[in-house]
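One structure is given below, encoded as structure tokens.
The values are calculated or read from the model by the stated rules, or taken from the named source; none is laboratory data. Predicted model, so just to flag it, every value in this text is computed and none were measured. Please note: Cβ atoms are built from the backbone with ideal geometry, for glycine as well, and neighbour counts cover all protein chains shown.
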Amino acid sequence: GAATELTPVTVIIRTDHDTLETGIGAATIDGIDEPIGPGALRRLAADANLIPAVLRGPSQVLDLGTSTRLFSRGQKLALAERDGGCAWTGCTHPPSFTEAHHIRWWSRGGPTNLDNGILLCPFHHHRIHDDHWTITIQNGIPWFIPPSHIDRHQTPIRGGRIHLAA
């Protein structure tokens with residue numbers, strides 16, 4: 001019945017590998033201020049489709065090279081954790097309203113890897129492609145470079161939310 005018609009929800013829970021293994025520590029859930037303990041995390045994970053973002057632990061392959069065009073679900077989740085939403089300056093669209101874009105376009109030999117990916121909402125994704133903007137990442141900060149027909153000096157514009165771990 002009705003339960004099968006419900007739209008699935010993705011919940012990001014952050015914890016570290018040691019907390020999962022030892023049962024000591026806490027986890028955080030996006031949008032909830034109070035952390036939860038590992039026991040509560042395990043109970044929630046058993047009852048729902050929760051995706052834990054486990055830090056400092058073994059992980060899946062996230063660099064797929066040029067043989068694969070589309071970013072995988074795991075890559076999109078990693079980009080969502082890193083970027084926090086559309087990386088365009090001032091855009092507030094959350095990860096759920098974004099698409100993974102190849103910084104160096106796949107059609108031009110850009111690999112489907114995290115360091116060549118960035119989240120953009122559909123509007124800004126089309127703007128990049130239609131107007132031929134370029135993007136560079138410097139010290140973990142995205143810079144959007146307008147084409148010469150928009151800005152003859154092509155002055156880079158600082159982007160939004162990318163946070164890379166040191």
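Pairs linking a residue in the stretch 118-131 that is without any contact (Cβ under 8 Å) to a residue 60 or more places away in the chain to a residue that is part of a helix (DSSP H, G or I) and of a type in the set (Val, Ile, Thr), with Cβ atoms under 7 Å and 6 or more positions apart or on different chains, are Leu120/Ile128. Within the stretch 7-31, restricting attention to residues that are exposed (fewer than 11 other Cβ atoms within 10 Å of the Cβ) and closer than 21 Å to Leu77 by Cβ, which residue is modelled with the highest pLDDT? For the stretch 7-31, the residue satisfying everything is Gly31.
Applying the selection to the stretch 65-98, what residues are in contact with a Phe, Trp or Tyr (Cβ under 9 Å, 6 or more places away or on another chain) and under 16 Å from Trp133 (Cβ atoms)? Selection gives Cys86, Ala87, Trp88, Thr89, Cys91.
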